1. Residues that are of a type in the set (Ser, Thr, Tyr), outside any loop (DSSP other than H, G, I, E, B) and open to solvent by less than 50 Å² (accessible area, probe 1.4 Å): does the stretch 38-51 have at least one?
2. What about residue 96, is it at pLDDT below 90, over 23 Å from residue 138 (Cα atoms) and surrounded by 13 or more Cβ atoms within 10 Å (Cβ to Cβ)?
3. Please state which one of 106, 15, 75, 80 is open to solvent by less than 40 Å² (accessible area, probe 1.4 Å) and small (Gly, Ala, Ser).
4. Residue 63 versus (1) open to solvent by 20 Å² or more (accessible area, probe 1.4 Å); (2) out of contact with any Lys or Arg (no Cβ under 9 Å at 6 or more places or on another chain): which is the lone unmet condition?
5. Being in a helix (DSSP H, G or I) and either of a type in the set (S, T, N, Q) or in contact (Cβ under 8 Å) with a residue 40 or more places away in the chain (or both) is the filter here, so list the residues in the stretch 75-86 that pass it.
6. Please work out which residue is surrounded by the most Cβ atoms within 10 Å (Cβ to Cβ), limiting yourself to the stretch 122-133 and to residues that are of a type outside the set (S, T, N, Q), over 15 Å from the mean Cα position of the chain (by Cα) and not in a strand (DSSP E or B).
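The values are calculated or read from the model by the stated rules, or taken from the named source; none is laboratory data. On a predicted model such as this, the values are computed, not experimentally measured, just so you know. Ideal geometry is used to build each Cβ from the backbone, glycine not excepted, and the neighbour counts take in all protein chains shown. Surface areas here come from the heavy atoms of the whole protein model, side chains and all, with no ligands, DNA or RNA. Shrake-Rupley method; radii C 1.70, N 1.55, O 1.52, S 1.80 Å.
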Amino acid sequence: MKEGMLPPGQHLAKGWPVSHYGPVPRLRPDRWNLQVLGATASGQTHSWTFDEVANMPKITVHADLHCASGTSTTGHTFFGVPARTLLDLAPPAAGVSHVMAWAEYGYSANLRLSDFIADTTVMATHHDDEALTVEHGFPLRLVVPNATPTRRTTAPSRGQTPGTRRPNLQERYLICHSF
């Protein structure tokens, strides 16, 4: 989809609205970590501190956001760690087809590994040259521009076609962070 175009059923929102459920987590950099677990090639859990993630390579991605609520915002610039970096540091096991990402308060995204490793997928630390606010996902916000509309990642069962099965745990590479 061309940047700036809206998917069917979406409407343009003004600005960049905050869509958040529950309280905004309070970041404690000394306790925060990013973990990769589940179906890794080594079978082990991999973990990085706030400072280690801050020192990973960075990219800039231009993207539109399409929320499952039906709103879209266009013309965003995100800066952060390429998602592919996690696969270089903690390769998935053979046969992994999906990535499950978790955040505080039950937020999750289930997406195809092919979408996660796309050159435009970023674990953003900045938006439009400013550090992300906690209301918009600081310290990391997973941005997957090629999985448009976003509802494919936020509610994957809606995107399944009859007769397809959900990937089992052994086919999922799991990512989570803790405050």
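1. yes
2. Yes.
3. 80
4. If we test residue 63 against (1) open to solvent by 20 Å² or more (accessible area, probe 1.4 Å); (2) out of contact with any Lys or Arg (no Cβ under 9 Å at 6 or more places or on another chain), just (1) comes out false.
5. 85, 86
6. Once the filter is applied, the top-ranked residue is 128.
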